[in-house]
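So the structure is just underneath, and the comments pick up after that.
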Amino acid sequence: MRLLEFTSPDCKTCGTMEGFVAGVCEGLGVEHVPKDVTVWPLLARAYGISALPTFVLVGEDDGFVGRVSGGMSKERLIKWLKENT
C-alpha cells in the first residue's frame, strides 16, 4: 500500500501534519509518497484534488483504495489507515 499525500507549501494544515504522517506510515508498513501540488499539478488533477491536504491510498497495483481530505490528528490518521489497509 502507498499513501499519496497531496500538499502545498502554503498549506498551514499540511505543515502541521508534516511532523507525524511519515512516522505513522512507517509504523503501519505503508509507503508514504508526499506530492506537492505546485510541482505535480497533472497528478493532482488526475486524482481530482481540490482540498489540501488530501490523502489517497492506493494498492500495490496502483488501484484506488481510499481517500480523505482535510487536517486530522495522528490518531485519526492511524484509525483511517487501519480501516483501509
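The values are calculated or read from the model by the stated rules, or taken from the named source; none is laboratory data. This is a predicted model, so every value here is computed, not measured. Counting neighbours? That spans all protein chains shown, and the Cβs are built from the backbone with ideal geometry, glycine included.
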Which of the residues belonging to region 1-13 are of a type outside the set (A, V, I, L, M) and either part of a loop (DSSP other than H, G, I, E, B) or over 10 Å from the mean Cα position of the chain (by Cα) (or both)?
S8, P9, D10, C11, K12, T13
Every residue in region 62-75 that is more than 11 Å from the chain's Cα centre (by Cα), surrounded by 12 or more Cβ atoms within 10 Å (Cβ to Cβ) and under 12 Å from T85 (Cα atoms), please.
V65
Any residue at all in region 24-37 that is outside any strand (DSSP E or B), of a type in the set (D, E, K, R) and at pLDDT below 95?
no
Hey, can you tell me all the residues within region 62-85 that are acidic (D, E) and either closer than 19 Å to D10 by Cβ or not in a loop (DSSP other than H, G, I, E, B) (or both)?
E75, E83
Within region 52-67, how many residues turn out to be hydrophobic (A, V, I, L, M, F, W, C) and either in contact with a Pro (Cβ under 9 Å, 6 or more places away or on another chain) or at pLDDT below 95 (or both)?
2
For T16, the lone unmet condition from (1) surrounded by fewer than 16 Cβ atoms within 10 Å (Cβ to Cβ); (2) part of a strand (DSSP E or B); (3) among the β-branched types (V, I, T) is (2)
Residues (closer than 13 Å to P53 by Cβ and touching a Cys at 6+ places or on another chain (Cβ under 8 Å)) located in region 11-41
H32
Identity of the residue in region 40-61, in a loop (DSSP other than H, G, I, E, B) and either in contact (Cβ under 8 Å) with a residue 40 or more places away in the chain or under 10 Å from the mean Cα position of the chain (by Cα) (or both), that ends up surrounded by the most Cβ atoms within 10 Å (Cβ to Cβ):
P53
Please tell me if W80 is among the aromatic types (F, W, Y), under 19 Å from M1 (Cβ atoms), surrounded by 11 or more Cβ atoms within 10 Å (Cβ to Cβ) and out of contact with any Leu (no Cβ under 7 Å at 6 or more places or on another chain).
yes
